[in-house]
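Working notes for the structure below.
The values are calculated or read from the model by the stated rules, or taken from the named source; none is laboratory data. Because the structure is a prediction, the values reported are computed rather than measured. No Cβ is skipped: glycine too gets one built from the backbone with ideal geometry, and neighbour counts run over all protein chains shown.
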Amino acid sequence: MATGKINVSVENIFPLIKKFLYSDHEIFLRELISNATDATLKLKHLTSVGDAKVAYGDPIIEVKVDKDGKKIHILDQGVGMTEEEVKKYINEVAFSGAEEFLDKYKDAGKDAGIIGHFGLGFYSAFMVADKVDIITKSFKDEPSVHWSCDGSPEFTIKKGKKESQGTEIVLHIAEDSTEFLEENRISELLRKYNKFMPIPIKFGTRTETLPKPEGAKEEDPAPTEEVDNFINNPNPAWTKQPAKLKDEDYKDFYRELYPMQFEEPLFNIHLNVDYPFNLTGILYFPKLSNDLNIQKDRIQLYQNQVFVTDNVEGIVPEFLTMLRGVIDSPDIPLNVSRSYLQADGAVKKISSYITRKVADKLNSIFKKDREDFEKKWNDIKIVIEYGMLSEDKFFEKADKFALYPTVDDTYYTFEELQEKIKDNQTDKDEKLVVLYASDKEAQHSYIEAAKAKGYEVLLMDSPIVSHLMQKLETSKENLSFARVDADHIDNLIKKEDTQISKLSDEEKEKLKANLEEVIENKSYTIQLEAMDSNASPFIITEPEFMRRMKEMQQSGGGGGMFGMGNMPEMYNIIVNTNHELVGEILNTRTAKKRERLINQSIDLARLSKGLLKGEELTRFIQRSYEMVK
Ligand code: ADP
Ligand code: MG
């Protein structure tokens, strides 16, 4: 038996390993299974090129928990190691890897996330074990080796008793890590990190119900059998060629990824590149509501089928973090901090590749089956609108397929909309005015007024729509959006032919004074307008600019003025001086009757805008009953 001392300068590296990776102790299992997988895949390669005499067969990896003996065993049937290799790869390489890792990230230990995920490799075993054995036999014709280390830099190495090639790692679990002796805990870890690893992983057995033999009676219990319990799917859908997969396969894989999710995804995007970087994966568009707080972090990041994290911030463009699915790339540097990751050139390329791919896929669905795309629009628009706002490249592409539905459910692309409305909705300054509503019910009377003029009214109801309109207005020429209740309809799209006022300037002065006497609410600004005598006599409007700035502030992001989010709402009362009722108010002699007419009219206008509530509404109703009596 040989003993030796691991050649490192940091004598107390084990306490360091424990300390720095405290929150991530559980990764030891993933690291050891990764090594077992690597060793098995190496053997596969060697046998396939004829460099190994042994047969590859159907190797598996096995994890065993020995609760009484306080041990965990990880066994593989891979290449194994000779004594020389143990000395080299375990004593020198693995250990120096651990040392280097700690050296580099000592100061970054607080950076949560990917740090601590990769890089420690074999030595992460010492986070949970106070003694580790390696019993290994190389596929080469050499005796097996038993290496043992109790956590100090001292180790022993002797002849082993292993007959077949492969490696067994035995972890003698430390007192503070006994949670890992619970079968459930190990099951959970295997599910989390190893669900899609490429070599079958066995963990215990499970009971399988067999079909009843012929002639069995109704009441006879079905026979059962104990079978090996394999925890992983070694060939997940994303590793296959897209051409080999059917729609149903993608849906099955979605269910495998999110077993608790009952809603089917709307569509999927299979990512598959090997140059200039390597990336595979499948992204799914789930049904999304208008709620901006939808659950993010549902995309899982893998490195060669090993789960790394479900925080893909910085790798996937922000607007796509609302999607689901998996991304697998060996080219993403994992043992680095987030800020480094975001600056990394390869990661940037990956991010823009994903953006482009998503845009192309949406475009092809749009072209292939427009009807279907329209049906899905309301469930996906938030992602697309968000993408248009945040990524210019995406904006350019999405401009061709982004849809603008009207209140009557006609879906236009921007170009189609432009074509449709340009004759009727270009104002006297050559500006194209796009009218929209955010709520069909609440803005009903305003929508009707616009329709009466033959105008199209869009329904724009997602929470970031004010930002999007701002973006469209600045990136296209001579375009402005106006909500139907932003002003009265003749002002929203100003044409040359202005109405002639029936009232003289003097009468207008008097009318305004009358109104101001009665209307006490200071947030209403009175605005006299000569309109069509058939238009409403009183209309409450909410100027576009102020309202939109306020909305933009509330939904976050730039564009807003400082403090606008807290501003009170501002309304205008448009008084149609050509309306008969307005003339009547002006000509009423008794102040009491005039006051009643004004109050009743203003309340009707507020009612139409949904602003009449509480006590004021009660009073309005009482007053109205009095009047109908
Ligand atoms: P890495 O896996 O990144 O190379 P590790 O510290 O995990 O670093 O492992 C160090 C080396 O030890 C591996 O590169 C490999 O040569 C060897 N090794 C570890 N586990 C096994 C195993 N189960 N079978 C064969 N070789 C192994
Ligand atoms: Mg490793």
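ILE493 falls short on exactly one of the conditions (1) under 37 Å from the mean Cα position of the chain (by Cα); (2) over 24 Å from LYS613 (Cβ atoms); (3) among the aliphatic types (A, V, I, L, M), and that condition is (1).
Listed here are the residues, each with its yes/no results for (1) touching a Phe, Trp or Tyr at 6+ places or on another chain (Cβ under 8 Å); (2) closer than 27 Å to LEU288 by Cβ.
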| site | (1), (2) |
| --- | --- |
| GLU218 | no, no |
| PRO221 | no, no |
| ILE231 | yes, no |
| TRP238 | yes, yes |
| ALA243 | no, no |
| ARG255 | no, yes |
| GLN261 | yes, yes |
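Considering (1) at pLDDT 90 or above; (2) in a loop (DSSP other than H, G, I, E, B), the lone condition that GLN470 does not fulfil carries the number (2). The requirement of being assigned to a loop (DSSP other than H, G, I, E, B), at pLDDT below 85 and within 16 Å of ligand 2 (Cβ to nearest atom) is satisfied by GLY116.
Please determine whether any residue of the range 440-454 is within 22 Å of ASP399 (Cβ to Cβ) and either in contact with a Ser or Thr (Cβ under 6 Å, 6 or more places away or on another chain) or in contact (Cβ under 8 Å) with a residue 40 or more places away in the chain (or both). So far as the range 440-454 goes, no, none of its residues is within 22 Å of ASP399 (Cβ to Cβ) and either in contact with a Ser or Thr (Cβ under 6 Å, 6 or more places away or on another chain) or in contact (Cβ under 8 Å) with a residue 40 or more places away in the chain (or both). You will find that of PRO213, PRO221, PRO242, PRO259, the residue that is surrounded by fewer than 10 Cβ atoms within 10 Å (Cβ to Cβ) and either assigned by TED's automatic domain parsing to the domain that holds SER329 or touching a strand residue (DSSP E or B) at 6+ places or on another chain (Cβ under 6 Å) (or both) is PRO259 and no other.
For the residues ASP439, ASP461, ASP487, the requirement of being surrounded by 17 or more Cβ atoms within 10 Å (Cβ to Cβ) and of a type in the set (D, E, K, R) singles out ASP487. Scanning the range 20-59 for residues that are away from ligand 1 (no atom under 15 Å from the Cβ) and at pLDDT below 60, we see that the one that is nearest to the chain's Cα centre (by Cα) is SER23.
The rows are residues; the columns are (1) of a type in the set (A, V, I, L, M); (2) farther than 30 Å from LYS471 by Cα.
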residue	(1), (2)
ILE500	yes, yes
GLU520	no, yes
THR525	no, no
PRO537	no, yes
MET546	yes, no
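Selection of the range 453-472 for residues being over 19 Å from ASN424 (Cα atoms) and touching a strand residue (DSSP E or B) at 6+ places or on another chain (Cβ under 6 Å) yields MET460, MET469. With respect to the conditions (1) at pLDDT 90 or above; (2) outside any loop (DSSP other than H, G, I, E, B); (3) under 26 Å from GLN303 (Cα atoms); (4) away from ligand 2 (no atom under 16 Å from the Cβ), GLU84 lacks only one, and its number is (3).
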